[in-house]
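Student: Let me begin by handing over the structure; questions about it come next.
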Amino acid sequence: MSYLIRILLRFSLGLVLCSPQVGLAQTSQQEIKQAAELLATFLNAGRLVVEQNQSLINDPRKGDKGFTPEVFERAVLEEFSRQTHIDLRTSPPSLPPSTRELLALLLRTSKEVVADAQFVINQRGIGYKNFIPATFGSQAARKFSARSNVTIKQTALDPRNLHNAPDAYERTVLLRLATQPMTSPPIIEWIDGGTTLRVMTPLYYSEDCLTCHGSPKGILDISGYPREGAQVGALAGAISIHIPLDRR
């Protein structure tokens, strides 16, 4: 029987611990794989919600944008439901409790990122605020990973943020994904003798991405980075999930 990421006790002498870690416990490999794929889908849904509100966020004429954590929550739950047909607002019985707990944690940390960005988002007279899908995704992934033994990371072959630089495994998979069509499914593999799950969900450039990442290559974009000269449908990177098993 495989054991993954024992959930730390939430209560000590009847008191809730301040910072419990969350994970999957005593689940099957299939359930672990499902959890990993759903976490990647959820993070990407959050990225999409930020992208859909980018013009609002960057509107220099408005102060209060109304893009609150609560508004984000409603939108991301709807987008996740649209993509997976799983409504997290109803505590779906088809999901193991540990998976629901991890998804709830990712929702909470994602909302915290939006809450932390309210001052920047609501500034009047400033257009670009560096609150974009990639920034949101990196911050939400780091907050989630710090509270769980499941590590989520955005990565790319040539990342702008060096914290997102790929490890050896991620680089190998990214090179594989770069040669495959846009419809390629996530890469899901058990490595290290079946003791570690690695999942790589590819991300592709959309038309909106080309504002910063498109042509002409080398010209500085609005954030001050040189454009990559990317095209719609090209591999932008991946959401990487790393889950070590605890075998006993």
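Every number in this text was worked out from the coordinates using simple rules, so none of it is lab data. For clarity, every value in this text was computed on a predicted model and none was experimentally measured. In this analysis, Cβ positions are derived from the backbone assuming ideal geometry, glycine residues included, and neighbour counts consider all displayed protein chains.
Student: Can you name the number of the only condition in (1) assigned to a helix (DSSP H, G or I); (2) under 15 Å from the mean Cα position of the chain (by Cα); (3) surrounded by 19 or more Cβ atoms within 10 Å (Cβ to Cβ) that residue 98 fails?
Tutor: (2)
Student: Residue 223 versus (1) farther than 16 Å from residue 155 by Cβ; (2) among the hydroxyl-bearing types (Ser, Thr, Tyr); (3) not in a loop (DSSP other than H, G, I, E, B): which is the lone unmet condition?
Tutor: The failed condition is (3).
Student: Could you list all residues from the stretch 203-212 that are more than 21 Å from residue 176 (Cα to Cα) and outside any loop (DSSP other than H, G, I, E, B)?
Tutor: Correct list: 210, 211, 212.
Student: Being of a type in the set (Gly, Ala, Ser) and surrounded by 15 or more Cβ atoms within 10 Å (Cβ to Cβ) is true for just one of 168, 140. Which residue is that? Steps first, answer last, please.
Tutor: Values: 168 fails: surrounded by 15 or more Cβ atoms within 10 Å (Cβ to Cβ).
Exactly one of 168, 140 is of a type in the set (Gly, Ala, Ser) and surrounded by 15 or more Cβ atoms within 10 Å (Cβ to Cβ), namely 140.
Student: If you don't mind, another one. Among 104, 75, which is the only one that is assigned to a helix (DSSP H, G or I) and surrounded by 14 or more Cβ atoms within 10 Å (Cβ to Cβ)? Walk me through it before giving the result.
Tutor: Details: 104 fails: surrounded by 14 or more Cβ atoms within 10 Å (Cβ to Cβ).
Among 104, 75, only 75 is assigned to a helix (DSSP H, G or I) and surrounded by 14 or more Cβ atoms within 10 Å (Cβ to Cβ).
Student: May I pose another question? So, of the residues in the stretch 45-71 that are part of a helix (DSSP H, G or I) and out of contact with any Asp or Glu (no Cβ under 9 Å at 6 or more places or on another chain), which turns out to be surrounded by the fewest Cβ atoms within 10 Å (Cβ to Cβ)? Talk me through it step by step, then tell me what you get.
Tutor: Step one: of the stretch 45-71, the residues part of a helix (DSSP H, G or I) are 45-52, 54-57, 69-71.
From what's left, out of contact with any Asp or Glu (no Cβ under 9 Å at 6 or more places or on another chain): 47, 50, 55-57, 70-71.
Values: 47: 23, 50: 25, 55: 9, 56: 12, 57: 21, 70: 12, 71: 14.
So the residue we want is 55.
Student: If you go through the stretch 138-150 one residue at a time, do you hit one that is in a strand (DSSP E or B), touching a residue at least 60 places away in the same chain (Cβ under 8 Å) and within 15 Å of residue 36 (Cα to Cα)?
Tutor: Let us first name the residues in the stretch 138-150 that are in a strand (DSSP E or B), namely 148.
Okay, now just the ones that are also touching a residue at least 60 places away in the same chain (Cβ under 8 Å), so 148.
Remaining after also requiring within 15 Å of residue 36 (Cα to Cα): 148.
Taking every residue of the stretch 138-150 in turn, at least one turns out to be in a strand (DSSP E or B), touching a residue at least 60 places away in the same chain (Cβ under 8 Å) and within 15 Å of residue 36 (Cα to Cα).
Student: Need pairs with beta-carbon distance below 7 Å; first residue over 10 Å from residue 65 (Cα atoms) and within the stretch 108-124, second of a type in the set (Phe, Trp, Tyr); sequence gap 6+ or separate chains.
Tutor: 109/144; 111/72; 113/136; 114/72; 117/131; 120/131
Student: Could you count how many residues in the stretch 177-202 are assigned to a loop (DSSP other than H, G, I, E, B) and either within 17 Å of residue 141 (Cβ to Cβ) or of a type in the set (D, E, K, R) (or both)?
Tutor: In the first step, residues of the stretch 177-202 are kept if they are assigned to a loop (DSSP other than H, G, I, E, B); the result is 178-186, 192-195.
With either within 17 Å of residue 141 (Cβ to Cβ) or of a type in the set (D, E, K, R) (or both) added as a condition, the list becomes 186, 192.
Within the stretch 177-202, residues that are assigned to a loop (DSSP other than H, G, I, E, B) and either within 17 Å of residue 141 (Cβ to Cβ) or of a type in the set (D, E, K, R) (or both) number 2.
Student: For the stretch 164-176, does any single residue satisfy the condition of being within 27 Å of residue 113 (Cβ to Cβ), assigned to a strand (DSSP E or B) and among the polar types (S, T, N, Q)? So that I can check it myself, show each step before the final result.
Tutor: Applying the first criterion (within 27 Å of residue 113 (Cβ to Cβ)) to the stretch 164-176 yields 164-167, 169-171, 173-174.
Remaining after also requiring assigned to a strand (DSSP E or B): none.
The answer is no, given that none of the residues of the stretch 164-176 is within 27 Å of residue 113 (Cβ to Cβ), assigned to a strand (DSSP E or B) and among the polar types (S, T, N, Q).
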